[in-house]
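Notes for the one structure printed next.
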Amino acid sequence: MAKDNLKEDQQVDLSVIIVNWNTKNLLVACLDSLSDQQSTYKIEIIVVDNASHDGSIEIVKEKYSHVILIRNARNLGFGKANNIGIKQSRGRYICLLNSDVRVLPDVLQSLINFMDQNKSIGISGPKTLSPDLSIQSTCRKLPNLWTIFCESCCLNKLFPKSDIFSDDQMKFFNHNTVRKVEGLAGCCLMIRKTALDRVGLFDEQFFIYFEETDLCKRFGQAGWDIVFFPDVSLVHHHGGSSSKDPIRFNIEYMKSQIKYWKKHNSSITVTTLQFILLMQHSIRLILRSIFYIFTPQPRKTDIARQLSKHYVCLQLILSGKYDSQG
């Protein structure tokens with residue numbers, strides 16, 4: 001691990017930490033949006049690069065001399081890379097920001113003000129928009145067997161406005177009012193550093209996915225509030241890294257999902273989860289195979305990707321090999 005542009009030890013108000021893996025163009029847009037932020041607070045920016053080979057390191061060194069750059073020799077995953085950045089940070093708040101995010105005006109200033117005024121809040125997050133400015137659902141329920149069942153049976157889609165039949169993503173909520181929630185999506189998390197010191201860093205058994213779910217669960221168990229704050233917004237392109245290898249990331253998602261359930265639930269509950277997932281992917285593999293036969297050629301490619309996803313997920317469930325990382 002190499003470190004560039006580390007500054008003298010000093011207290012700052014906010015440390016923005018961005019983990020990057022081969023998202024150069026998105027990273028540039030993200031850093032440019034941070035440069036446009038107007039704030040009375042002292043802010044440092046830390047980029048933790050997971051062995052990118054697309055010129056990300058070179059562009060940061062060339063264009064952003066104020067950014068602290070940490071270079072990992074290999075891809076260490078999202079949670080571990082963030083932990084490395086957090087350990088180098090000096091802020092009383094930590095903002096974990098995806099590289100595929102563009103921060104709109106006043107986001108950082110407003111989130112700090114909001115948390116300064118509400119000392120019970122351990123984690124907060126702003127409204128998140130897609131590039132077309134539609135709202136992304138970033139508020140979360142902690143997953144349980146019922147939410148998994150609703151998703152597997154498509155009850156969440158049949159009753160999209162229902163809290164009862166929702167999956168963990170809370171798409172029934174309009175995301176326009178301040179709300180205490182059980183969890184927030186990890187594209188932008190503003191974290192109180194004193195709370196993080198007590199709760200602990202990301203669990204590094206999660207290579208990618210569910211590390212923020214686990215962190216939010218631990219914050220809630222420790223008595224800290226997690227609050228959605230929609231008064232300011234950012235734009236999230238979504239899947240900046242995962243879109244490069246979707247099948248691999250589907251595998252990583254399921255590995256992390258099972259690890260999360262094993263960490264927080266009984267063996268009986270985990271077995272029930274595995275059964276639900278087995279049924280879900282089996283049924284969808286069969287149905288999509290039928291659709292594939294009767295689908296016109298232009299759409300066959302998309303269905304083939306879905307078939308591949310269900311197939312590799314079934315392989316993973318049946319093998320039980322969830323412990324490998326990367």
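One table, with the values for the structure above:
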quantity	calculated
Residue-normalised accessible area of the chain, given per residue in Å² at a 1.4 Å probe	47
Whole-number percent relative contact order across the chain, with pairs defined as alpha carbons under 8 Å at least 6 apart	19
Residue list for region 282-326, given a label point 7 angstrom along the Cα-to-Cβ vector of ILE247 and an amide N cut-off under 15 Å	301-316
Rg to Rh quotient for region 80-209, alpha carbon positions, Kirkwood Rh	0.98
Per-selection Kirkwood Rh - region 192-306 (Cα, Å, 1 d.p.)	17.5
DSSP beta bridges in the chain [antiparallel fraction, %, rounded to 5]	40
Proximal lysines relative to LYS42, as straight alpha-carbon distance under 30 Å, when same-chain residues fewer than 8 apart are discounted	LYS3, LYS7, LYS24, LYS61, LYS63, LYS80, LYS87, LYS119, LYS127, LYS180, LYS193, LYS217
In order through region 169-182: 3J(HN,Hα) via Karplus (6.51 cos²θ - 1.76 cosθ + 1.60), integer Hz, x for Gly, Pro	8, 6, 6, 6, 7, 6, 6, 10, 10, 4, 8, 6, 10, 7
Rg(Cα)/(2.2 N^0.38 Å) for region 89-153, N = residue count	1.44
Net charge, ASP36 excluded, C-beta distance under 12 Å - Lys, Arg +1, Asp, Glu -1	-1
Alpha carbon centroid spacing (whole Å) that separates region 93-138 from region 174-201	9
Cα-based Rg of region 7-82 normalised by 2.2 N^0.38 Å, two decimals	1.09
Neighbourhood net charge (12 Å Cβ-Cβ; Lys/Arg +1, Asp/Glu -1) for ARG288	+4
Computed log₁₀ I(q)/I(0) - Debye formula, equal Cα scatterers, no solvent, the chain, q 0.09, 0.15 Å⁻¹	-0.49, -1.34
Kirkwood-Stokes translational diffusion coefficient of region 174-252, alpha-carbon pairs, 4 °C, 1.567 mPa s, µm²/s	90
Loop trypsin sites (Lys or Arg not before Pro), region 55-94, which have at most 13 other Cβ atoms in a 10 Å radius of their Cβ (DSSP)	ARG74
Sum of side-chain charges, ILE123 neighbourhood, beta-carbon under 12 Å (Lys, Arg +1; Asp, Glu -1)	+3
Accessible carbon and sulfur surface of the chain relative to its total accessible area, %, 1.4 Å	53
Highest average packing first - 126-138, 18-30, Cβ atoms within 10 Å	18-30, 126-138
Cβ-Cβ FRET estimate between ASN174 and TYR292, R0 fixed at 30 Å, reported to 0.05	0.25
Dipole-positive endmost among VAL178, CYS216, ALA195 within region 158-223 (Cβ charges, Cα centre)	VAL178
Pairs of alpha carbons in region 259-326 whose separation is greater than 13 Å (percent)	69
Distribution of pairwise C-alpha distances over region 174-218, 10 Å bins, in %	22, 56, 19, 3
At q = 0.17, 0.18, 0.20, 0.21 Å⁻¹, base-10 log of I(q)/I(0) for region 38-108 (Debye sum, equal scatterers on each alpha carbon)	-0.70, -0.79, -0.97, -1.07
Helix axis angle, 211-221 relative to the chain longest principal axis, alpha carbon, degrees	80
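The values are calculated or read from the model by the stated rules, or taken from the named source; none is laboratory data. For clarity, every value in this text was computed on a predicted model and none was experimentally measured. Positions of Cβ are generated from backbone atoms using ideal geometry, with glycine treated the same way; all protein chains shown enter the neighbour counts. The protein model used for the area step is the full one, side chains on, heavy atoms only, and it has no ligands, DNA or RNA in it. Shrake-Rupley method; radii C 1.70, N 1.55, O 1.52, S 1.80 Å.
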